[in-house]
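Shown next, in structure tokens, is the structure this report addresses.
Please treat every number below as a calculation from the coordinates, not as lab data. Only a predicted model underlies this, so the values are computations on that prediction, with no experimental measurement involved. Cβ coordinates were reconstructed from backbone atoms using ideal geometry, including for glycine residues, and neighbour counts include every protein chain displayed.
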Amino acid sequence: MKVVVIGGGAAGFFGAITCAQANPEAHVLLLEKSNKLLAKVRVSGGGRCNVTHHCFIPTVFSQNYPRGAKQLKEAFKKFGASETIAWFRKRGVELKAESDGRMFPITDNSETIIDCLMQEARRTGVLIRTGSGVERVKKDSSKNEGFILQLSNGESIEADKVLISTGGNPKATGYNWLRELGHTIQEPVPSLFTFNVPESALKELQGISVPNARVRIAGQKLEYEGPLLITHWGYSGPAVLKLSAWGARHFHEQNYDFTALINWVPEHTEESLREHLQSYRMAHPKKVVSTNPLFGLPQRLWKALTILADIPEQIIWAELPGKNTNKLVEALHRGPFEVKGKTTFKEEFVTCGGVELSQVNMKTMESRVQPGVYFAGEVLDIDGITGGFNFQAAWTTGYLAGISMALERDMG
């Protein structure tokens, strides 16, 4: 049996290795169109590779996927974070969890993961070819089974089973060859991006971060709470990136033009915030408002928020007019910022969109439209928020596809 895996990323490697290990008789060939294997693995997590997330309850883990949560819940019961950790440990790679749940190799180097996958591919007999792009996959009309793969260099390759793990594609046309196979494609749009706020009053504070802020979209139920980073172009950090994933389609429809409301003190309601300011005012009437930051906010950020509230630089709490107090509450609790565009990280590009999940048997990753064709990774309409979730989806779907492809069945 000949199995061809298209795409040399995390999902493709995991599918190829799993298949070759489960069926040593199978001939497994992995094709990568570029000259770089495991490119996303190399750059992810700042070059450390965020392998998975420290969460071992499939129903909880699956809640981190704006698209694919329901389908992945069962898949994670078969191969989830604990199985991923055990898989790498068995091959000499220990993972560690950081305080936010992200898991990295203890070496803090993505090359550790790449070396492990490359060694395992060699050990299990997976053949790897780079510079081999596939332009078409079609049924082999000369017999009742198998496929013909047409490569961009004019070569043709026969395969009994095919795993498509080509990753997300920012352009809808990039999926045309899958449409030819009869698959429906959910339109690709960016996910995981930062907010551009060209008129931000805070852009001079680039580099300042807060450990917890709530970002909400005006007129929508979309909101997310977490660390927030001020940049020279707008806002970033987990709160923004994760919100961008949940609202990917909405933001695309809005042409990335909307109002974001930032709550710098999400632990407070508006009422408790007012009470806290009043209590501080009573206790410290002679303190200068702008130079004594509250709520643990960085000094420069606090001062900028007082400027937004039109608070004079040297005014003390005892002399602060009510209207300025109201403006300070607004700036702290729901400061509006006009978002005009986005910035994506090209190396870690994640798309919302891909092969329609109803056309895939999520237990085996086999196409319901074209038996013998399998899918894994971001080519599917699956995407997770930041934190190791996209890689876990790659390991899981690659594993399920690999096990299923290894079975000698349905060949006639």
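Summary table below
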{"item": "Contour excess over end-to-end distance, with Cα ends at Ser272 and Leu407 and 0.36 nm allotted per residue", "result": "42.4 nm"}
{"item": "The stretch 193-344, relative contact order in percent, only Cα pairs under 8 angstrom and at least six apart counted", "result": "32 percent"}
{"item": "In sequence order, calculated HN-Hα J values of the stretch 58-73 (Karplus, 6.51, -1.76, 1.60; Hz; x Gly/Pro)", "result": "x, 5, 6, 4, 5, 6, 9, 10, x, 10, x, 4, 4, 6, 7, 3"}
{"item": "Separation in nanometres of the label points that stand 7 Å from Cα toward Cβ, at Lys143 and Glu25", "result": "1.5 nm"}
{"item": "Relative intensity, log₁₀ I(q)/I(0), of the chain from a Debye sum that treats every alpha carbon as a point, q = 0.07 Å⁻¹", "result": "-0.40"}
{"item": "Nonlocal amide H pairs with Asn212, under 5 Å, H built at 1.01 Å", "result": "Leu228"}
{"item": "Summed residue charge, Cβ within 15 Å of Pro58's Cβ, Lys/Arg positive, Asp/Glu negative", "result": "+3"}
{"item": "Gap separating the Cα centres of the stretch 320-397 and the stretch 1-61, nearest whole Å", "result": "20 Å"}
{"item": "Positive minus negative residues near Leu222 (Lys, Arg vs Asp, Glu; Cβ under 13 Å)", "result": "+2"}
{"item": "Net charge of neighbours whose Cβ lies under 12 Å from the Cβ of Phe88, counting Lys and Arg as +1 and Asp and Glu as -1", "result": "0"}
{"item": "FRET efficiency, Glu155 to Arg300 (Cβ-Cβ, R0 56 Å, nearest 0.05)", "result": "0.40"}
{"item": "For the stretch 1-88: rounded, prolate or oblate by the Cα gyration tensor [a/c cutoff 1.5]", "result": "oblate"}
{"item": "Translational diffusion coefficient (Stokes-Einstein; Kirkwood radius from C-alpha pairs) of the stretch 33-178 at 20 °C, 1.002 mPa s, in µm²/s", "result": "119 µm²/s"}
{"item": "Paramagnetic reach from Leu127 in the stretch 149-187 [backbone N under 17 Å; point 7 Å along Cα→Cβ]", "result": "149-163"}
{"item": "Added length on full extension, which subtracts the Cα-Cα distance from 0.36 nm per residue, Glu253 to Thr173", "result": "26.9 nm"}
{"item": "Amide H contacts under 5 Å for Gly372, placed H, 5+ residues apart", "result": "Ser367"}
{"item": "Percent antiparallel among DSSP beta bridges (both partners in the chain, rounded to 5)", "result": "75 percent"}
{"item": "Whole-Å distance, taken between Cα centres, linking the stretch 198-277 and the stretch 154-195", "result": "33 Å"}
{"item": "Potential extension, Thr291-Asn326 segment - 0.36 nm per residue separation minus Cα distance", "result": "10.7 nm"}
{"item": "Cα gyration tensor category, rounded, prolate or oblate, for the stretch 193-344 with a/c compared to 1.5", "result": "prolate"}
{"item": "Modelled label reach - Arg136, point 7 Å along Cα→Cβ, the stretch 169-193 residues with backbone N closer than 18 Å", "result": "173-183"}
{"item": "Antiparallel DSSP beta bridges within the stretch 174-272, as percent of all bridges there, nearest 5", "result": "100 percent"}
{"item": "Value at 222 nm in deg cm²/dmol, rounded to 500, when DSSP H runs of n ≥ 4 in the chain each add -39,500 (n - 2.57)", "result": "-9500 deg cm²/dmol"}
{"item": "Vicinal HN-Hα couplings computed from phi for the stretch 94-103 (Karplus, 6.51 cos²θ - 1.76 cosθ + 1.60; Hz; Gly/Pro x)", "result": "8, 10, 10, 9, 9, 4, 8, x, 5, 10"}
{"item": "Amide H within-cut-off set for Val350, under 5 Å, with H built and near neighbours excluded", "result": "Ser191"}
